[in-house]
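**Q** Before anything else, here's the structure in question.
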């Protein structure tokens, strides 16, 4: 008789393991596309933070200047919250009320992979004659 | 002015990102498109908070490097919930739904058969499936199972795929399970209630608990009691309550046919019992819950010592109110004294043995509950001994007499109620012993006592079984605490 856990927790463990396996197989939790409609905004945020730590308003300005995209505050903080939750960015301590964010190593790896994918896609389009 | 937009967002989100967003909002002119984006972001934050609460996964939150924030004395979820969050609740709801179906298939169900005029009315006992048929059980009793399973899957999708509609689907399952409970209150609804409660706790619990716990402290429990009191009052006013009405037609001067029969009519409970019900016991219970909320709030947030004493007086009154109304709506009001007690108990500095050997503390709670049951069987007149119908001037008057369980059933009834007390004591002693030195006999004693209490719950489901469920649950939790301590090799020395 296994006394070390209840039936419910054992079932929950099995279930969570099965979900973990299926999720890692699909690459869901390690892919920026898993952020759904926030994927593009999240990529902009990651790219902006690649230059150094910034707080929310600075990221918004940076994205507008670099990419010409005017991100709304709801979209910006939706993306930041998701990136933060996944551990791809982290909050720096600050004496100010505002906290700047910076990329974590995993966030940097994600950004590099996303850009590599984009570059490969662009090369394929340009060299493959897909454009008229 | 711009800071007011922050109140669109959930409290936990505001705590984490509020200052940043306030600064951003102060720096940009708010255009119409920004406002739309802000509202959309707020809706997304709420959905994320609700979906995230289904199954937290190492959420990083600020400077704490991902450690879960302790609640400031509000709700404290069990350890199992802390590890598995949403799924363990949804799995519990699924297990209950399976038990619900098993009960319909196996447990005895009493029904009355009556034939035509002159035939004898007889009462027979079969399983519900045998009486109503398997399709009936499969369709109506399968609904909670389907909803629990769907909620489990939807919550997992919401978490893993970050799909907003999955979160909405999980909440839809929660709403449908409440609807199923409310619509079936007069019949099987009371057995269904664990399903919507578990699904709601699993779906909303952790996120709500963190924010509400920080905001309200221990009074969050009492707020739950207030909500339940309002819910009971609204239910009494709105939802159908069955009443049997005996009608008769006497022979007329020209020899008209004599007819007599009983019919089942549905009105609300207040329409049936009168508005007195609104004042007492429903109104009194709601008042106690409100007073308990204020007292707990004053005790936990303002540190008023007199409020702590007042809380315990109110807890006592709530239990007295429950005890005296147990034959009518008391069972419906049980969550009020339970929630108030839990809220008040959070302020107590527990004795050393309770903090060190928490398994035994749970068993001690089971002992207390079982003892109260024995007292109730001796003192409370909630046992119906019979009803009689008398004809008075062409109208039929029904009268019901009640007595204590002991007066009606004698020592045999007392023995049945006393067995859980004995088993709880055995389990308590064994848990205390096992906590100091894990011994084989103590594990056997704990397992047997927990199993036997559950067995009595099931066998006596149509009589005293439901009253034994709290004892069985408390013992099970106590036993699981011990097994965790043993697993981690942290069995502590006995006091």
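The values are calculated or read from the model by the stated rules, or taken from the named source; none is laboratory data. Being a predicted model, the structure only gives us computed values, none of them experimental. Cβ sites come from the backbone with ideal geometry, for glycine too, and all protein chains shown count toward neighbours.
**Q** For residue A:5, are the conditions met, namely being within 11 Å of chain B (Cβ to nearest Cβ) and at pLDDT 50 or above?
**A** No: the conditions fail for residue A:5.
**Q** May I ask you to list pairs of residues, at least six apart or on different chains, whose Cβ atoms are under 8 Å apart, with the first in segment A:97-126 being within 13 Å of another protein chain (Cβ to nearest Cβ) and the second being modelled with pLDDT under 80?
**A** A:99/B:62; A:100/A:94
**Q** Shifting gears a bit: Could you figure out which of (1) in a helix (DSSP H, G or I); (2) farther than 14 Å from residue B:27 by Cβ; (3) at pLDDT below 90 isn't true of residue A:69?
**A** Failed condition: (1).
**Q** Of the residues that sit in segment B:14-27 and are more than 7 Å from every other protein chain (Cβ to nearest Cβ) and surrounded by fewer than 17 Cβ atoms within 10 Å (Cβ to Cβ), which one is nearest to residue A:74 (Cα to Cα)?
**A** Result: B:26.
**Q** Hey, another quick one. Name the single residue, out of those in segment B:452-495 being within 14 Å of another protein chain (Cβ to nearest Cβ) and loosely packed, with under 15 Cβ neighbours inside 10 Å, that is modelled with the lowest pLDDT.
**A** B:490
**Q** Being closer than 18 Å to residue B:89 by Cα, at pLDDT below 75 and assigned to a helix (DSSP H, G or I): is that true of residue B:149 here?
**A** It is false that residue B:149 is closer than 18 Å to residue B:89 by Cα, at pLDDT below 75 and assigned to a helix (DSSP H, G or I).
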